[in-house]
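Readers should treat all values here as calculations from the given coordinates under stated rules, not as data from a laboratory. Everything numeric in this text was worked out from a predicted model, so none of it was measured. Cβ sites come from the backbone with ideal geometry, for glycine too, and all protein chains shown count toward neighbours.
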């Protein structure tokens with residue numbers, strides 16, 4: 001006698017699967033996209049809370065409370081100056097990294113307007129630098145001169161030297177290292193050429209300071225407190241003595257950044273930078289190994305993928321790879337669903353959903369790119385879990401784009 005096989009309504013299977021998914025514990029969140037927005041460091045949090053009680057007053061006031069706030073603000077500037085090898089009076093604090101970059105380009109170009117209005121930039125600079133250079137060049141009837149990069153994302157120092165040696169150059173801007181692909185730039189050679197030409201060099205260290213030594217090869221330096229584990233809302237602009245800057249906006253007592261910055265945030269930023277630099281060597285070694293593992297396994301396990309940037313002379317914590325036949329936004333969304341926070345597109349223009357101008361300038365694959373910027377707390381388990389989940393995530397995104405596959 002043949003056994004009767006009960007018929008199963010396929011909808012019951014779907015309902016049970018949905019019930020299991022609803023009751024299953026959520027996947028642990030793994031933050032792998034801390035570029036420009038790292039978790040606040042513990043000591044910085046403590047300093048911020050303490051300064052809320054002690055540094056709430058207007059630091060421009062002459063009463064005791066105002067003088068106490070001023071002392072905290074000056075202490076923050078002194079600590080940041082020591083961290084970059086500058087004098088306290090050379091350090092200005094801005095309300096954001098973008099504001100610091102805009103001000104640097106505008107005010108240096110304005111201060112040197114009698115010498116020319118051209119601004120020389122690398123092709124992979126942050127969008128804030130590229131836009132500011134275009135703005136000031138157009139205002140002064142000058143040019144924004146863009147120096148191309150190679151497939152690793154690095155400028156040719158000879159090409160940069162030739163561009164900045166031309167007559168009429170007000171400023172040259174070159175990042176310390178790229179925040180999307182990690183490649184470091186030849187700053188020593190470019191700075192030497194800039195000095196020979198009498199042109200100040202603006203260095204964007206927004207992805208470097210707190211992670212690696214930025215060195216002395218700069219005349220104007222900009223950085224981002226949120227990138228090294230400080231609070232958002234604090235940018236740093238350091239101007240060496242002898243570099244002429246001239247305000248180009250309405251008069252204000254605070255001539256560079258009217259309105260000032262939050263004293264508690266400034267103090268927390270300085271404490272976070274001290275904490276980051278104290279742990280820099282150990283964190284560098286560990287994160288460099290984790291990024292090296294990602295470079296190796298992604299290239300081996302995911303078909304049609306390109307891992308970009310210099311594999312050796314790079315930031316320790318940054319990596320980008322691009323996946324052919326995949327949409328970057330869909331891939332980031334799929335990985336987020338699995339519990340992994342990653343970035344896509346250019347780090348400074350990701351909200352536009354445009355192809356990365358950095359990858360385009362490098363003439364490498366711009367499709368389906370994923371950017372990692374590992375925070376110091378990243379563990380080997382975090383990276384292993386990401387690498388285990390990545391091939392399936394890429395396959396699903398590709399299948400969704402090709403329904404006939």
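Along its three principal directions, the equivalent ellipsoid of segment 16-175 from the Cα gyration tensor extends over semi-axes of 38, 31, 14 Å, largest first.
Helix 42-54 and the longest principal axis of the C-alpha atoms of the chain enclose an angle of approximately 50°. Arranged from fewest to most other beta-carbon atoms within 10 Å of their beta carbon, 54, 180 become 54, 180. Calculate how steeply helix 263-278 sits against the longest principal axis of the alpha-carbon atoms of the chain, using the helix alpha-carbon long axis, and give the answer as 0 to 90 degrees to the nearest 10. Approximately 70 degrees, to the nearest ten. Secondary structure note: in segment 42-278, about 45% of the DSSP beta bridges are antiparallel. Result for the chain in a Gaussian network model with C-alpha springs under 10 Å: among 338, 287, 201, the largest mean-square fluctuation is at 338. Remark: the residue 156-residue 195 segment gains 12.3 nm on full extension, using 0.36 nm per residue and subtracting the alpha carbon distance.
Across the chain, the relative contact order, built from alpha-carbon pairs under 8 Å that are at least six residues apart, equals 21 percent.
Its Cα gyration tensor gives the chain an equivalent ellipsoid, and the semi-axes of that ellipsoid, as √(5λ) in whole Å with the largest first, are 43, 28, 18. Ordered by the count of other Cβ atoms within 10 Å of each Cβ, fewest first, 92, 253 give 253, 92. With only Cα atoms counted, segment 152-285 has Rg and Dmax values of 16.3, 47 Å. Helix 187-197 axis versus longest C-alpha principal axis of the chain: approximately 30°, rounded to the nearest ten.
Computed from label points 7 Å out along Cα-Cβ, the spacing between residue 49 and residue 338 is 3.6 nm.
Here is how the number arises for the chain: DSSP H runs of 4 or more residues each give -39500 (n - 2.57), the sum is divided by the residue count, and the result at 222 nm is -13500 deg cm²/dmol. Segment 354-405 and segment 113-168 have their alpha-carbon centroids 31 Å apart. Relative to the compact-globule estimate of 2.2 N^0.38 Å, the Cα radius of gyration of segment 260-404 comes out at 1.15.
For the chain, what proportion of DSSP beta bridges, expressed in % and rounded to the nearest 5, is antiparallel?
Once the DSSP bridges in the chain are tallied, antiparallel ones form about 55 percent.
Among 320-331, 119-130, sorting by the average number of other beta carbon atoms lying within 10 angstrom of each residue, highest first, gives 119-130, 320-331.
Stick to the Cα atoms of segment 42-278, pair each with every other, and give me the Kirkwood hydrodynamic radius in Å at one decimal.
About 18.0 Å, per the Kirkwood formula over Cα pairs.
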